[in-house]
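The values are calculated or read from the model by the stated rules, or taken from the named source; none is laboratory data. Just so it is clear, the model here is predicted, and its values are computed rather than measured. Reconstructed Cβ throughout: ideal geometry from the backbone, glycine too, with neighbour counts over all protein chains shown. When the accessible area is computed, the model is the full protein with side chains, heavy atoms only, and any ligands, DNA or RNA have been set aside. Shrake-Rupley method; radii C 1.70, N 1.55, O 1.52, S 1.80 Å.
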Amino acid sequence: MESYALLLGSTLSAGTVLALAALGLLINEKAGIVNLGAEGMMLCAAIAGFAAVVHTGSTTVGFLAGMGAGALLAAIFGVLVIWLNTNQYATGLALSLFGTGFSAFLGLGYVQARLPELPKFAVPWLSDLPVVGTALFRLHPLVYGAVVIAAALVWFLYRTRAGLVLRAVGESPQSAHALGYPVRRIRLAAVVFGGAMCGLAGAYISTVYTPLWVEGMVSGRGWIALALTTFATWRPARVLLGAYLFGGVTMLQFHLQATGVQVASQLLSMLPYLATIVVLVLISRNPTWIRANMPASLGKPFYPGS
């Protein structure tokens, strides 16, 4: 039972990385912007957060540095695609490639660096419960924070006027513009928020999840987070569930290896990406359902004068 408790706890931790990034990307896409640069933003945020913790000893500073790095890159992306009308897909891919190379360059001096030991987190009394305490109540506070953020986004999108305006911009920016809403600024704010969330996810990877710096350590999680928004049909609660599903698939490979299952490690490493492909194939079999939930202006440029 103890091994299964550890598997559940590891699943929640692994899913938190995907949840944070995917929730940010969901807000991007609700405003009609597709940002394929998640992988690059997460990598730059990972080295920014790691370097900040090395020099300050504060994980909080590391999180803020990661969010700042992600928000800055997202703002540059936003200016390019929203004001200069560059192609969203090509610009996002360029950002991802840039982030991969730039983070590797910045991280050269931190490969052997070590972080201060993290404090052990535990919820009083509940963490002492058998099995459940180990699985659910000895996790980093950001794991619980991801659930709070998802709930806050549900409230924001479907219970506030600002959320209604954001969704209107994603559905019909021309109509929102005609009503006097600053479509470009709203889209930029959504993009910057998405970048900050990807940055938080990247900093979490390098400072908490695997507290070290290795080139390319995000390992495709940015692309999985992008797929999660489609998997969840642009609903925050479903993003959270999907993140834990993919987190479980990721951790399953280590659990199987630990229990002595004789399967090639390369095949086990494929599991998260194979699961992503399978899920997207299954979802794409019902395009009507996707179109009913997808923001109507997703990926389309907006020209205020048109």
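Is at least one residue of segment 201-211 out of contact with any strand residue (DSSP E or B) (no Cβ under 8 Å at 6 or more places or on another chain) and free of Cβ contacts under 8 Å to residues at least 60 places away in the same chain? Checking segment 201-211: at least one residue is out of contact with any strand residue (DSSP E or B) (no Cβ under 8 Å at 6 or more places or on another chain) and free of Cβ contacts under 8 Å to residues at least 60 places away in the same chain. Scanning segment 219-227 turns up no residue that is touching a Gly at 6+ places or on another chain (Cβ under 6 Å) and not aromatic (Phe, Trp, Tyr). On the given criteria, is Pro116 in a loop (DSSP other than H, G, I, E, B) and open to solvent by 80 Å² or more (accessible area, probe 1.4 Å)? It is false that Pro116 is in a loop (DSSP other than H, G, I, E, B) and open to solvent by 80 Å² or more (accessible area, probe 1.4 Å). Selection of helices (runs of 4 or more DSSP H) fully inside segment 163-279 by the criterion of at least 1 residues being loosely packed, with under 15 Cβ neighbours inside 10 Å and of a type outside the set (D, E, K, R) returns 173-178, 236-258. Each residue in segment 184-209 was checked for being out of contact with any helix residue (DSSP H, G or I) (no Cβ under 6 Å at 6 or more places or on another chain) and of a type in the set (Gly, Ala, Ser), and 1 of them qualify. The number of residues in segment 53-64 being closer than 13 Å to Ala113 by Cα, in a helix (DSSP H, G or I) and touching a residue at least 40 places away in the same chain (Cβ under 8 Å) comes to 2. State yes or no: is Ser96 in a helix (DSSP H, G or I) and at pLDDT below 95? No.
Within the set Ala19, Ala46, Ala14, the sole residue that is in a helix (DSSP H, G or I) and at pLDDT below 95 turns out to be Ala14.
Scanning segment 119-130 for residues that are assigned to a loop (DSSP other than H, G, I, E, B) and open to solvent by less than 50 Å² (accessible area, probe 1.4 Å) yields a total of 1. Does at least one position in segment 143-162 carry a residue that is outside any helix (DSSP H, G or I) and crowded, with 17+ Cβ neighbours inside 10 Å? Checked against the condition, which is being outside any helix (DSSP H, G or I) and crowded, with 17+ Cβ neighbours inside 10 Å, segment 143-162 yields no hits at all.
Applying the criterion of being farther than 21 Å from Ala52 by Cα and at pLDDT below 95 to the residues of segment 188-221, the residue that is farthest from the chain's Cα centre (by Cα) is Ser219. Out of everything in segment 76-103 that is in contact (Cβ under 8 Å) with a residue 40 or more places away in the chain and in contact with a Ser or Thr (Cβ under 8 Å, 6 or more places away or on another chain), what residue ends up being surrounded by the fewest Cβ atoms within 10 Å (Cβ to Cβ)? So the residue we want is Val81.
Exactly one residue out of Phe50, Phe63 is in contact with a helix residue (DSSP H, G or I) (Cβ under 7 Å, 6 or more places away or on another chain), open to solvent by 10 Å² or more (accessible area, probe 1.4 Å) and of a type in the set (Phe, Trp, Tyr): that is Phe63.
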